[in-house]
Amino acid sequence: MVIRSRTACGLAVVSLLTAYLGAAEAIQKRAAWPPAVRKTPESAPALSAEEERQTIVVPPGYHVELVASEPLVVDPIAIDFDADGRMWVLEMPGFMPDTSGHDSRDPINDVAVLEDTNGDGVMDRRTVFAGGLRLPRAIKTLDGGAALVGEPPNLWLMKDTNGDLKADSRTLVSDSFGRGEGNIEHNANTLLWALDNVIYTSEHDWHLRWKNGTFETVPTLSRGQWGGSQDDAGRVYRNFNDAPLFVDYIAPKYYMRNRNLVRTRGLYDPLITREASIVWPVRATRGVNRGYRDQFFRADDSSVTVQGAGTPVIFRGDRLPKALQGQAFITDSPTNLVHAYRIVDEGTGRLHAEDFYNKGEIFASWDERCRPVNLASAPDGTLYVVDMYRGVVQDGAFWTDYLRDYIKTRNLEVPVRRGRVWRIVHDGIRPGAAPRLSSATPAQLVRTLAHPNGWWRDTAQQLLVQRRDRRVVPALGELAAHAPDWRTRVHALWTLDGLDAIAPLQVARALADTSPEVRASAVRLSERWLGASDDPLAAAVLKLMDDVSWTVRRQVAASIGELPAALRTPAAARMLERYSSDPVVVDASLSGLHGSEDVVLERLSESPAAELTDAITMLAAAIARSGDPAAVQRLIARATDGSNVDGPRLAVLRGIDMALGSSGGRGGRGGAASPRSIAIPAEPTGLTRLAAADSDAGTIAKSIAGKIDWPGKPAPRVDVLPLTDEQQRRFTAGAELYKNICTGCHQADGRGREKLAPDLVESRYVTSIQAGAATRILLGGKEGQIGLMPPLGSALNDEQVASVLTYIRREWGHAGAPVSPEDVREIRGATKTRTRPWTDAELQQGLGEGRD
């Protein structure tokens, strides 16, 4: 905060006093950092913002400043800044608004705009831009007082047309932005306008692109859970739950070209493992869903691992030390902290993350109600922390009994309707001035592309693209060619692309740039012309196949798929022959080979080189996943004809098995369908002969034989009792419940999500003769290798549990007996004293004893 004085002498005295107090505070923190962990006090009273500030611990040399607090801001979950630095806040008082343990679908949530009218760094004016929303989850400010607001299942374009900061028009962009009744922890969110002028989402199957004055959807693969960010090169970062940091080396659009891909490396690649995601809270943190599991906690009761990662943000500001620039930060609201990761480039564009601090956090609090849920690299060059300030941040539908008791005992459900936003500041660096980009001229916006703060560069690019003023094209071209900073050059190129004004000569020059990030962007930008077989840019792109940087090589692998077929197939084959040791290159290359994988497979199979094994496996898997019986038959013959199943042949078998997956289909009226399989014209004698062998190849062959049909193959007998009308009604109700509660994790096809939820189609708990194990899991939750399946016993009654179980035991080809409410009631009563989720060992013991 700026302290004002009427005289120069008074100002000097105040400045000296402020410096002294700041130095004293820094010394005090330096002596205590990282501090000892505080034990859980008997109570957790709600603190004022100033009281809470005293509980916040930052590293030596840093301090926090309050930007906003209640009543100016209430239950904030996300922020964005407009062109003039005003802070737009997404508020969610509908989350757990009382002691019921349930979210409110009432229209009680707002988008508020906060302003600092006197320049002291503290917000002092609040205007409700849009009210009456139902659990909104995403916001992106736009030019001219407009904003995109995600309110699942709706995405709105809201506009202020008279300058009063209140939306007076609302246009529906899409009614398929997530699920209106879906669970709150897994639903569409994030609207990140990235370097490539695509607006990226998380937990959703399309992105947006601003094109010719309107928004169009761009199909994608759903990735991430909460939040997203980009680095200076335009790579997108996401997270989920206790897995804190993933990166897209390659844009998602490439993986949409080939629906037969069985793997998408390069999209959502982990930068750090769960096991390495160590956090250091400053208070005992047993008040989490897994607070009963000692292996997650130290002797002082502080959490060892990330409990609920959110909002990965790459800090791109200019008013914190250089060591923080380009590093990643995540929130972990259950443990009351913000964790910092150092992004390490191994020298070739391959990245990994490691802890920035040893046994310490960039931001941590002793206050149990301090809940960092979002972060922002701000216009003033610092890092903002969005603190929802709630006793409860775990959705009530997913509480374990342990957490429920903990919350009730400590009265954490109330009060609500509070919230704070904090600024992390370095003692020797003042935050920057507020921007005034809404009134900037086109020439000024072009110059802003050279600003040291990434927020300013991003915003200038977005304004130029939205305003579509082509008078800036020559100036942008000059920057793209000659700007000293590679970040400015790459922004200029993508701004030209967003204006549809980029020229082949500019791209050709950028392909030879000294920066690998610029070269990689130029490869993507060249795709406008790669479809023409005689375009000189194609030859220039292919020359970068052996670039020294993996960043460039990976982009070349992806962009090869945009070449004409006559060039694409041999180029992809060469790429795979040279760089199959990199799974990102493999999958990016395969993404552009839809329909010609067999040609490349034949070429690669002629080589015994072990490093080609992964490429051969993935090629075979893509061919098998196409479902073409003749192609699958040829693959099987290639792998099994002859007595020697060598490395390439074994790789083909693995690919076939991987692609065919497990049996399962879709039931009609709750009846079991035939197992999902491929019917080939004749018995694959080589495969059936190999299936009898006691070897790795024999095991895989046996698995494949169980997933394909041929004339004369004995059909497995499946006795399916028809459902009664009441059971069919329950099946139908269960399908709707599954869609709203379970789809976010287990997916509509029951196949689960990598690193998040297991495959239900293959689950022995689902397909067992009796449903006791599945009932126990649904009621009490389950600890698994992937993570925690939260208990739903308090959220669903016996009828609803029976309905969901009936559905999953009869969908996807399952033939299990339906479940009745009486069955559920009996198990609920027998396990009512249980306070912890089930383990595999406990449930499998029950299966082994025949109880299930």
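The values are calculated or read from the model by the stated rules, or taken from the named source; none is laboratory data. Being a predicted model, the structure only gives us computed values, none of them experimental. Here the Cβ is made from the backbone with ideal geometry for all residues, glycine too, and neighbour counts use every protein chain on show. SASA here: full protein model, heavy atoms, side chains in, ligands and nucleic acids out. Shrake-Rupley method; radii C 1.70, N 1.55, O 1.52, S 1.80 Å.
If you take the Cα centroid of region 511-541 and the Cα centroid of region 572-617, the two points sit 22 Å apart.
Excluding same-chain neighbours fewer than eight residues apart, the lysines reachable from Lys408 by a Cα-Cα span under 21 Å are Lys39, Lys832. What separates the Cα centres of region 742-816 and region 257-286 is a distance of 23 Å. Annotation note: GluC sites (Glu not before Pro) in region 582-626 located in DSSP loop regions with a Cβ neighbour count of at most 11 within 10 Å are Glu606. For the peptides 252-260, 164-172, residues were scored by their other Cβ atoms within 10 Å and the scores averaged per peptide; the highest-first order is 252-260, 164-172. Shown for the chain: the carbon plus sulfur share of the solvent-accessible area, taken with all protein chains present and a 1.4 angstrom probe, equals 52%. The radius of gyration of the Cα set in region 269-346, together with its Dmax, comes out at 13.9, 42 angstrom. Each label point was placed 7 Å from the Cα along the Cα-to-Cβ direction; for Gln845 and Ala609 their separation is 5.3 nm. With K and R counted +1 and D and E -1, the other residues having a Cβ less than 15 Å from that of Gly131 yield a net charge of -3.
For a straight C-alpha distance cut-off of 29 angstrom, the lysines reachable from Lys707 (same-chain residues fewer than eight places away being disregarded) are Lys739, Lys755. Viscosity 0.890 mPa s, temperature 25 °C: what is the translational diffusion coefficient of region 273-422 from Stokes-Einstein with a Kirkwood Rh over Cα pairs, rounded to a whole number of µm²/s? So the translational diffusion coefficient is about 151 µm²/s. Between Ser100 and Ala539, the modelled labels are 7.0 nm apart [label points 7 Å from Cα along Cα→Cβ].
Based on protein heavy atoms only, region 783-832 ends up with 39 Å² per residue of surface accessible to a 1.4 Å probe.
Using the Cβ atoms and a cut-off under 15 Å, what net charge is assigned to the surroundings of Lys39, where Lys and Arg are +1 and Asp and Glu are -1? That sum, taken over residues with Cβ under 15 Å, equals 0.
Please state the shape class of region 210-272: rounded when a/c is under 1.5, otherwise prolate if a/b exceeds b/c and oblate if not, all from the C-alpha gyration tensor. Judged from the Cα gyration tensor, region 210-272 comes out oblate (a/c at least 1.5, b/c at or above a/b).
Cross-link partners for Lys211 among the lysines, with Cα-Cα distance under 27 Å and sequence neighbours closer than 8 places in the same chain left out: Lys140, Lys159, Lys166, Lys253.
Of all complete DSSP H helices in the chain, those with a Cα span along the helix axis of 27 Å or greater and a mean Kyte-Doolittle hydropathy of -1.0 or more are 8-32.
Could you order peptides 464-471, 265-272 by the average number of other Cβ atoms within 10 Å of their residues, highest first?
Ranked by mean Cβ neighbours within 10 Å, highest first: 265-272, 464-471.
For region 128-273, the equivalent ellipsoid derived from the Cα gyration tensor has semi-axes of 28, 17, 14 Å, listed largest first.
Counting only DSSP beta bridges with both residues in the chain, the antiparallel share comes to about 95 percent. Taking a ≥ b ≥ c as the square roots of the Cα gyration tensor eigenvalues, with a/c under 1.5 meaning rounded and otherwise prolate when a/b beats b/c, else oblate, which class fits the chain? Oblate is the answer for the chain, as a/c is 1.5 or above yet b/c matches or exceeds a/b.
Each part gets one Cα centre, and for region 202-226 versus region 458-480 those centres are 23 Å apart. The GluC sites (Glu not before Pro) of region 33-90 that DSSP puts in a loop, and whose beta carbon has at most 13 other beta carbons within 10 Å, are Glu42.
Count the net charge of all other residues whose Cβ sits under 15 Å from the Cβ of Leu542, scoring Lys and Arg as +1 and Asp and Glu as -1.
Values: positive: Arg519, Arg524, Lys543, Arg553, Arg554, Arg568, Arg574, Arg578; negative: Glu527, Asp534, Asp535, Asp546, Asp547, Glu562, Glu577.
After counting each charged neighbour, the total is +1.
The trypsin sites (Lys or Arg not before Pro) of region 388-447 meeting both criteria, a DSSP state outside H, G, I, E and B (loop) and at most 12 other C-beta atoms within 10 angstrom of the site's C-beta, are Arg436. Peptide packing for 629-641, 334-346 was compared via the average number of neighbouring C-beta atoms within 10 Å per residue; ordered from the highest value, the list is 334-346, 629-641.
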